[in-house]
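**Q** Questions regarding the structure given below will be posed in turn.
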């Protein structure tokens, strides 16, 4: 590369690199280092003389901590609810929206509105709608003859799936846009030949559309799996991990350990463990793509 | 320039620095009820007038839990704000254990302040040292809406009474057609174990483990759940939480009675922020039975940041608050020399502010001269913060009817014991 080009590369890449180092790499390295120390009180944070190397003891403690492991389990369960529902719903919406009908742009705007709405506003809105005490959803269900409507965010068994559902509602627009682009790129000749061969719409969807957009589906599944673990704001504003521990996911537990009980090293260890879980899932997904993704 | 001239210049400069020096300043991290827009704003102004020390208030919005969290993080990162508040004994101990605050014994000695003589039994010593100036001890009482009682033709409650009588009265006053509940209680942790506390049952067993599996705690949790779910005399936990009913909901006029701390005087006295056209009354707390005649309460504290820029001025303000806050908020003070006459004068101020709702004698009889003992309302100890968090989290499951009180109390004991073991292992 010519010197001038190299200079230009350095100039353009440096701002991103600096930002990445300051706000991503350095905090991650700090978190790893903190997780290997014994800073588990505020006074420990100030008194550097008491700072000591704790090795992997914080990790061992987390693995034997029942509530912590249960919170990881709930995070995985949230992912199982969230990822399939999000991608299935996004594909269906994308199929619907690629057709032409009246008010297409208005409908697209309506679908995109939750994505750009502040999470606190979303929490207030759904809190009102799903209020088991006079909320419009349960009142409608009662009118329809359902005598014991679900407790939604206040049910031990319904809190987590309800949160996942609200999260799907909020995030589906972005996935829909990506799927729309993928579906539009499927060559129309493939549909024509399938039609000539007598394939129904469903068969065309399963045998033409899905294989052709499978790389996009793979990318969306990986990214939505990663983002499913980043649900602190939604859970905090809607249920704060309750009722009891019903929706206490890993990020809520990590926050509480760090900022309520000041166990910074212990919380960092759990955060790094969560990172490793996400990486493991992503590796498994990469390996499995050979079986179902068609390039 | 000769020596005389130089000397004259030096003296002029020194005198000028004294005269034109920036005034002494104290900074305060304040929660809602202690910020400049509250009744305490006037206290800060009067302190400046009396001492010449400027007060800069840094308000922290949100709940007192948000306030405490902010303190922890701010001070850990080197914040030099001078004064912070501990709204209850749990936060008092938490601030000490976190190394947020300084002991004030030596400061008080240098300032010739005799804290014991002024604050006596309200002083809270931790390992022999004082870390905060007491202010506004709360007592609990039942406040009632006289209009609702008059409309229902029920006599006002007075004197000794039991929780069974409270529930019976509340049932007579509850009127769903008019959207009136007979009772209102907040969702603080202290409510969950109120009956156990009144029976004198401790939060810890003699061996240091949690005592929450004691039948008194089970009874307590069940009682609180039944008020909303079984007797339906107050909003259920589900209704209160989903509608985000605030702690001062009594002032809305929709509740016949409210079992609350005397911090409610502050809201009841503020008819600008909480206008109403009805009169209120006050009576002593109900008790479980004749053997359990106890009232509960908590003392809050003004504490000084370990990194304070101006600790001496901060102590002056803390002491000023401790001695004078009752004049602004009508909350009883934590002063040893506050005698019956002083209480009556304070309560007279509350009575005047109540617009004829109550007399000084009513208040004195309800909270001071009620024949009841006094216990701290909170479970403290080495895992006070975890204990509180676990109680609040777990009792909610019983309150929404998804687990029995017995199972909840066992779960609380299990989790608190784990926290105790984890703390001991540190």
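The values are calculated or read from the model by the stated rules, or taken from the named source; none is laboratory data. In this text the structure is predicted, and so the values were computed from the model without any measurement. Cβ placement follows ideal geometry from the backbone for every residue including glycine, while neighbour counts extend to all protein chains displayed.
**Q** Select the strands (runs of 3 or more DSSP E) contained entirely in the range B:261-357, then report the ones holding at least 3 residues which are closer than 30 Å to residue B:25 by Cα.
**A** Numbers: elements: B:280-283, B:294-297, B:300-304.
Once the strands (runs of 3 or more DSSP E) in the range B:261-357 are filtered for at least 3 residues that are closer than 30 Å to residue B:25 by Cα, what remains is B:300-304.
**Q** A follow-up question, please. Just for the range B:98-114: of the residues that are within 10 Å of another protein chain (Cβ to nearest Cβ) and either buried (at least 22 other Cβ atoms within 10 Å of the Cβ) or without any contact (Cβ under 8 Å) to a residue 40 or more places away in the chain (or both), which one is nearest to residue B:321 (Cα to Cα)?
**A** Once the filter is applied, the top-ranked residue is B:100.
**Q** Taking the range A:108-135 as the search range and keeping residues that are surrounded by 14 or more Cβ atoms within 10 Å (Cβ to Cβ) and closer than 29 Å to residue A:210 by Cβ, which one is farthest from the other protein chains (Cβ to nearest Cβ)?
**A** In this case the residue turns out to be A:108.
**Q** Would a scan of the range B:242-250 turn up a residue that is crowded, with 16+ Cβ neighbours inside 10 Å, within 21 Å of residue B:192 (Cα to Cα), touching a strand residue (DSSP E or B) at 6+ places or on another chain (Cβ under 9 Å) and within 14 Å of chain A (Cβ to nearest Cβ)?
**A** Looking through the range B:242-250, at least one residue is crowded, with 16+ Cβ neighbours inside 10 Å, within 21 Å of residue B:192 (Cα to Cα), touching a strand residue (DSSP E or B) at 6+ places or on another chain (Cβ under 9 Å) and within 14 Å of chain A (Cβ to nearest Cβ).
**Q** Which condition number does residue A:105 fail, the rest of (1) modelled with pLDDT under 90; (2) within 14 Å of chain B (Cβ to nearest Cβ) being met?
**A** Going through the list (1) modelled with pLDDT under 90; (2) within 14 Å of chain B (Cβ to nearest Cβ), residue A:105 breaks only (2).
**Q** Go through (1) modelled with pLDDT of 95 or more; (2) in a loop (DSSP other than H, G, I, E, B); (3) more than 14 Å from every other protein chain (Cβ to nearest Cβ) one by one and return the number of the condition residue B:208 breaks.
**A** Result: residue B:208 passes all but (1).
**Q** Check the range B:404-424 and report whether any residue there is touching a helix residue (DSSP H, G or I) at 6+ places or on another chain (Cβ under 7 Å), at pLDDT below 90 and over 27 Å from residue B:93 (Cα atoms).
**A** no
**Q** Restricting attention to the range B:76-90, report how many residues are within 13 Å of chain A (Cβ to nearest Cβ), in contact (Cβ under 8 Å) with a residue 40 or more places away in the chain and under 21 Å from residue B:389 (Cβ atoms).
**A** 1
**Q** Sticking with this one: Is it fair to say residue A:262 is without any contact (Cβ under 8 Å) to a residue 40 or more places away in the chain, facing chain B (nearest Cβ under 10 Å), at positive phi and not in a helix (DSSP H, G or I)? Reasoning before the result, please.
**A** On the way: without any contact (Cβ under 8 Å) to a residue 40 or more places away in the chain: no; facing chain B (nearest Cβ under 10 Å): yes; at positive phi: yes; not in a helix (DSSP H, G or I): yes.
Answer is no for this residue.
**Q** Might you check whether a residue that is in contact with a helix residue (DSSP H, G or I) (Cβ under 8 Å, 6 or more places away or on another chain), more than 14 Å from chain A (Cβ to nearest Cβ) and within 18 Å of residue B:198 (Cα to Cα) occurs anywhere in the range B:275-282?
**A** No: the range B:275-282 contains no residue that is in contact with a helix residue (DSSP H, G or I) (Cβ under 8 Å, 6 or more places away or on another chain), more than 14 Å from chain A (Cβ to nearest Cβ) and within 18 Å of residue B:198 (Cα to Cα).
**Q** Something else: Return yes when residue B:309 is within 30 Å of residue A:136 (Cα to Cα), surrounded by fewer than 18 Cβ atoms within 10 Å (Cβ to Cβ) and touching a residue at least 12 places away in the same chain (Cβ under 8 Å) and no when it is not.
**A** Here the answer is no, as residue B:309 does not meet what is asked.
**Q** Could you name every one of the helices (runs of 4 or more DSSP H) located completely within the range A:43-162 that has at least 3 residues being within 23 Å of the chain's Cα centre (by Cα) and under 24 Å from residue A:255 (Cβ atoms)?
**A** Counting at least 3 such residues, we get A:66-97, A:119-129.
**Q** Still on this structure, I have one more. Out of B:120, B:132, I need the residue that is within 30 Å of residue B:102 (Cβ to Cβ) and crowded, with 20+ Cβ neighbours inside 10 Å. Which one?
**A** None of the other options fit; the residue is B:132.
**Q** Considering every residue within the range A:242-250, establish whether at least one is under 30 Å from residue B:64 (Cα atoms) and in a helix (DSSP H, G or I).
**A** Yes: one or more hits.
**Q** Does any residue of the range B:364-385 turn out to be part of a helix (DSSP H, G or I) and more than 21 Å from residue B:160 (Cα to Cα)?
**A** So far as the range B:364-385 goes, yes, one or more of its residues are part of a helix (DSSP H, G or I) and more than 21 Å from residue B:160 (Cα to Cα).
**Q** Return yes or no: is residue A:170 away from every other protein chain (no Cβ under 13 Å), exposed (fewer than 13 other Cβ atoms within 10 Å of the Cβ) and closer than 21 Å to residue A:91 by Cα?
**A** In short, no.
**Q** Further question on the same structure: Could you tell me whether residue B:198 is surrounded by 17 or more Cβ atoms within 10 Å (Cβ to Cβ), within 14 Å of another protein chain (Cβ to nearest Cβ) and closer than 18 Å to residue B:285 by Cα? Full working, then the answer.
**A** Details: surrounded by 17 or more Cβ atoms within 10 Å (Cβ to Cβ): yes; within 14 Å of another protein chain (Cβ to nearest Cβ): no; closer than 18 Å to residue B:285 by Cα: yes.
The answer is no for residue B:198.
**Q** Okay, next question. If you check A:223, A:216, which single one turns out to be free of Cβ contacts under 8 Å to residues at least 12 places away in the same chain, closer than 24 Å to residue A:282 by Cβ and either away from chain B (no Cβ under 14 Å) or not in a helix (DSSP H, G or I) (or both)?
**A** Being free of Cβ contacts under 8 Å to residues at least 12 places away in the same chain, closer than 24 Å to residue A:282 by Cβ and either away from chain B (no Cβ under 14 Å) or not in a helix (DSSP H, G or I) (or both) holds for just one of A:223, A:216, which is A:223.
**Q** Do we have residue A:191 as within 14 Å of chain B (Cβ to nearest Cβ), modelled with pLDDT of 90 or more and in a helix (DSSP H, G or I) here?
**A** It is false that residue A:191 is within 14 Å of chain B (Cβ to nearest Cβ), modelled with pLDDT of 90 or more and in a helix (DSSP H, G or I).
**Q** Related question: In the set A:274, A:220, A:210, A:238, which member is more than 30 Å from residue A:58 (Cβ to Cβ) and touching a helix residue (DSSP H, G or I) at 6+ places or on another chain (Cβ under 7 Å)?
**A** Exactly one residue qualifies, and that residue is A:220.
**Q** Answer yes or no as to whether residue B:232 is in the same structural domain as residue B:401 (by TED's automatic domain parsing), out of contact with any strand residue (DSSP E or B) (no Cβ under 7 Å at 6 or more places or on another chain) and modelled with pLDDT under 90.
**A** Taking the combined requirement at face value, the residue does not satisfy it.
**Q** Let me ask another. Return a yes/no flag: does the range B:191-202 have any residue that is at pLDDT 95 or above and over 22 Å from the mean Cα position of the chain (by Cα).
**A** Taking every residue of the range B:191-202 in turn, none turns out to be at pLDDT 95 or above and over 22 Å from the mean Cα position of the chain (by Cα).
**Q** Is it the case, given these coordinates, that residue B:63 is within 13 Å of chain A (Cβ to nearest Cβ), surrounded by fewer than 17 Cβ atoms within 10 Å (Cβ to Cβ) and under 30 Å from residue B:391 (Cα atoms)?
**A** Here the answer is yes, as residue B:63 does meet what is asked.
**Q** Now for a separate question. Please give the helices (runs of 4 or more DSSP H) falling wholly within the range B:75-184 in which 2 or more residues are in the same structural domain as residue B:305 (by TED's automatic domain parsing).
**A** Values: elements: B:89-97, B:105-110, B:115-119, B:146-152, B:163-173.
So the answer is B:89-97, B:105-110, B:115-119.
**Q** From the list A:50, A:75, which residue is out of contact with any strand residue (DSSP E or B) (no Cβ under 9 Å at 6 or more places or on another chain) and either surrounded by fewer than 13 Cβ atoms within 10 Å (Cβ to Cβ) or modelled with pLDDT under 95 (or both)?
**A** A:50
**Q** Out of B:383, B:358, B:302, B:397, which single residue is within 14 Å of another protein chain (Cβ to nearest Cβ) and at pLDDT 90 or above? Even if it seems obvious, please write down each step before you answer.
**A** Values: B:383 fails: at pLDDT 90 or above; B:358 fails: within 14 Å of another protein chain (Cβ to nearest Cβ); B:302 fails: within 14 Å of another protein chain (Cβ to nearest Cβ).
After applying the criteria, what remains is B:397.
**Q** Something else about it: Only one of these conditions is not met by residue A:222: (1) surrounded by 15 or more Cβ atoms within 10 Å (Cβ to Cβ); (2) within 30 Å of residue A:155 (Cβ to Cβ). Which number is it?
**A** (2)
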